[in-house]
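Trainee: Dumping the structure here so I can ask a few things about it.
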Amino acid sequence: MTAAISPTPSAKVHARPMLEINKLGKSFGTTEVLTSIDLSVRPGELVFVIGPSGSGKSTMLRCCNRLEEPSSGTILLDGEHVTACQGRALDKMRLKIGMVFQGFHLYPHKSVLANVMLAQVKALKRSKADAKTRAIEMLEHVGLAHKAESMPSELSGGQQQRVAIARALALDPKVMLFDEPTSALDPELVGSVLKVMKQLREEGMTMLVVSHEMEFAREAADRVVFMDGGVVVESGPPEEIFGNPQSPRLQSFLSRVNRGGE
Amino acid sequence: MNDFIDLFFNLDIMAQAWPLLLKGLIVTLQLCGVVIGLGLVGGLLLALGALSPRRWLKWPAVGFIDLFRALPPLVLLVFVFSGLPFAGLDLSPFVAVVIAFFLNNSAYFAEVFRAGIQSVPKGQAEAARATGLSQPQTLAHVVLPQAVRNVLPDLLSNTVEVVKLTSLASVVSLSELLYSANMARSVTYNSSPLILAALVYLAILWPLVRLISRYQRGLAVH
């Protein structure tokens, strides 16, 4: 086991990347969706990925836990090859990579508590008692311990997404991937999910987030990556990306987003 | 009118025939248990095969399902019972019926399971795999419970069909419910035992049919 990760700035500078994507390529048939993506996320860092739809952001994220099979390139998690894993080794690797989806994907036939316990018991082999304790702890963390016995259908979208976050966190992942976590939510529910994500960041969780929440990116991201047409066009601290965009593609993307937004 | 009642609704003859019919009913229930049990297991495996991305699994499963759904169960039964002995396989009527109806039924159950599994959104399995569950675990704990719930009325309908289907076993002289009733009829020269058998089928199947209607209404409401 490695030592606990400290979220202090000095740790961020010196540590090796927690997640390292090297020359990642992905094609569906003859259509190339990702071309030689290089991206790394340091421990405790929150990296935000923005870009127009169809730019390959989600595909890139889904390659990180192999829900999509990369066509080329390598992905390392804390120095371990994600891309080399097969079978049970891949299942074990996925325990260390939390993922939150746009559509929540809670299991509708299981209670909130059972949703958060399932993989702990079946994949992580925790005892039911330990898994329950941990599940309640994580539900408290996202402010939903009082909903433990509810069914997912009884929750609002924002609550469902927070349960989905708790479900991923309960496995003690090293990195959390967020695939447009607020895109399916009513505007008034977005805030509660972003609040949980901000809290996670303060606790030092390593996060890679694909999202359209520019305001949140400006506030909370350490780094913003702009993707378009399957390549990383520009990346840097939020103030540079939003305040002083270099490439014409990013400039036009931001002006479109701003016009569409406020 | 009296003749009609005497020939079809003769209570004395029904009472006489009852012990024989009861024996037949037990055989029918045994047959149903075995055929439904095997059919469910075989159907599930066939559905998984048919949905597999591996061609060497997919095509044999699809071929099996198509073939045995298309063949009339009576033809299958006669072939297994009367045909296989020529190939050196002498089967008891019970075993022949089980084999023939298993072939037919697992194909039907496979179609129901396949529809059920396909009705579960892909994101469910992805979410499960993303939390480190293996493919069999994902199937057992996430996909199948939802799939079965989505097609429960169809599974039950198919079960009703199996119970009725077992009456075909009388053609190979298996003494199930209908065969026993027919025996009683030929002995008494009276059709009342057949009516009694029909009432027994009704008593078994009516609650199931009601249950299916309730589920279907329930699904329509939600």
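The values are calculated or read from the model by the stated rules, or taken from the named source; none is laboratory data. Just so you know, these numbers come straight off a predicted model, no measurement behind them. Virtual Cβ from ideal backbone geometry, glycine too; neighbours counted across all protein chains shown.
Trainee: Can you tell me which residue is nearest to B:LEU202 (Cα to Cα) among those in segment B:16-25 that are in contact with a helix residue (DSSP H, G or I) (Cβ under 9 Å, 6 or more places away or on another chain) and of a type outside the set (D, E, K, R)?
Mentor: The qualifying residue nearest to B:LEU202 (Cα to Cα) is B:LEU25.
Trainee: Select from segment A:1-24 the residues that are touching an Asp or Glu at 6+ places or on another chain (Cβ under 7 Å) and at pLDDT 90 or above and list them in ascending order.
Mentor: Passing the criteria: A:MET18, A:ILE21, A:ASN22, A:LYS23.
Trainee: Let me ask something else. So, of the residues in segment A:77-126 that are of a type in the set (S, T, N, Q) and in contact (Cβ under 8 Å) with a residue 24 or more places away in the chain, which turns out to be nearest to A:LYS23 (Cα to Cα)?
Mentor: Top of the filtered list is A:GLN102.
Trainee: Given (1) out of contact with any Phe, Trp or Tyr (no Cβ under 6 Å at 6 or more places or on another chain); (2) aliphatic (A, V, I, L, M); (3) crowded, with 21+ Cβ neighbours inside 10 Å, identify the lone condition not met by A:ALA221.
Mentor: (1)
Trainee: Hey, which of the helices (runs of 4 or more DSSP H) in segment B:83-202, taking only ones fully inside, have at least 2 residues that are more than 14 Å from chain A (Cβ to nearest Cβ)?
Mentor: Filter on segment B:83-202 gives B:93-118, B:152-165, B:177-188.
Trainee: Name, by its number, the condition in (1) modelled with pLDDT under 95; (2) of a type in the set (D, E, K, R); (3) crowded, with 16+ Cβ neighbours inside 10 Å that does not hold for A:ARG88.
Mentor: Condition not satisfied by A:ARG88: (3).
Trainee: Just a yes or no: is a residue in segment A:184-204 surrounded by 22 or more Cβ atoms within 10 Å (Cβ to Cβ) and within 14 Å of chain B (Cβ to nearest Cβ)?
Mentor: no
Trainee: Filter segment A:74-90 down to residues that are in a loop (DSSP other than H, G, I, E, B) and of a type in the set (Gly, Ala, Ser) and give me whichever is farthest from the other protein chains (Cβ to nearest Cβ).
Mentor: A:GLY79
Trainee: Related question: Just give me the residues in segment A:137-157 being buried (at least 22 other Cβ atoms within 10 Å of the Cβ) and more than 30 Å from A:ILE21 (Cα to Cα), in sequence order.
Mentor: Result: A:LEU139, A:LEU144.
Trainee: What residue, among those in segment A:141-156 that are part of a helix (DSSP H, G or I) and within 18 Å of A:ASP186 (Cα to Cα), is nearest to the other protein chains (Cβ to nearest Cβ)?
Mentor: Applying the filter and picking the extreme gives A:SER153.
Trainee: Okay, next question. Is at least one residue of segment B:8-18 surrounded by 18 or more Cβ atoms within 10 Å (Cβ to Cβ), assigned to a helix (DSSP H, G or I) and polar (S, T, N, Q)?
Mentor: No, segment B:8-18 contains no residue that is surrounded by 18 or more Cβ atoms within 10 Å (Cβ to Cβ), assigned to a helix (DSSP H, G or I) and polar (S, T, N, Q).
Trainee: Report yes if A:SER235 is closer than 28 Å to A:SER27 by Cβ and either touching a helix residue (DSSP H, G or I) at 6+ places or on another chain (Cβ under 9 Å) or touching a residue at least 40 places away in the same chain (Cβ under 8 Å) (or both), otherwise no.
Mentor: Considered against the rule, which asks whether it is closer than 28 Å to A:SER27 by Cβ and either touching a helix residue (DSSP H, G or I) at 6+ places or on another chain (Cβ under 9 Å) or touching a residue at least 40 places away in the same chain (Cβ under 8 Å) (or both), A:SER235 comes out as yes.
Trainee: Related question: Which condition breaks for A:ASP179 when tested against (1) modelled with pLDDT of 95 or more; (2) more than 13 Å from the chain's Cα centre (by Cα); (3) under 22 Å from B:GLY123 (Cα atoms); (4) of a type outside the set (A, V, I, L, M)?
Mentor: Going through (1) modelled with pLDDT of 95 or more; (2) more than 13 Å from the chain's Cα centre (by Cα); (3) under 22 Å from B:GLY123 (Cα atoms); (4) of a type outside the set (A, V, I, L, M) one by one, A:ASP179 breaks only (2).
Trainee: Okay, next question. So which of A:ARG167, A:ARG134 ends up being within 14 Å of another protein chain (Cβ to nearest Cβ), surrounded by fewer than 21 Cβ atoms within 10 Å (Cβ to Cβ) and either more than 29 Å from A:PRO237 (Cβ to Cβ) or touching a Gly at 6+ places or on another chain (Cβ under 6 Å) (or both)?
Mentor: A:ARG134
Trainee: For segment A:91-116, which positions are crowded, with 17+ Cβ neighbours inside 10 Å, in a helix (DSSP H, G or I) and at the interface with chain B (Cβ under 9 Å from one of its Cβ atoms)?
Mentor: A:ASP91, A:MET93, A:ARG94, A:LEU95
Trainee: Any residue at all in segment A:56-65 that's assigned to a strand (DSSP E or B), modelled with pLDDT of 95 or more and crowded, with 22+ Cβ neighbours inside 10 Å?
Mentor: Within segment A:56-65, none of the residues are assigned to a strand (DSSP E or B), modelled with pLDDT of 95 or more and crowded, with 22+ Cβ neighbours inside 10 Å.
Trainee: Let me ask something else about it. Out of all the residues in segment A:117-127, which are more than 10 Å from chain B (Cβ to nearest Cβ) and outside any loop (DSSP other than H, G, I, E, B)?
Mentor: Passing the criteria: only A:MET117.
Trainee: Return the pairs, sorted by first residue and then second, in which the second residue is buried (at least 19 other Cβ atoms within 10 Å of the Cβ) and in a strand (DSSP E or B), the first residue lies in segment A:16-32 and is aromatic (Phe, Trp, Tyr), the beta carbons are less than 6 Å apart, and the residues are 6+ apart or on different chains.
Mentor: none
Trainee: Okay, next question. Looking for whichever is farther than 22 Å from B:ARG129 by Cα, assigned to a strand (DSSP E or B) and at pLDDT 95 or above here; the options are A:VAL33, A:VAL47. Which one fits?
Mentor: A:VAL47
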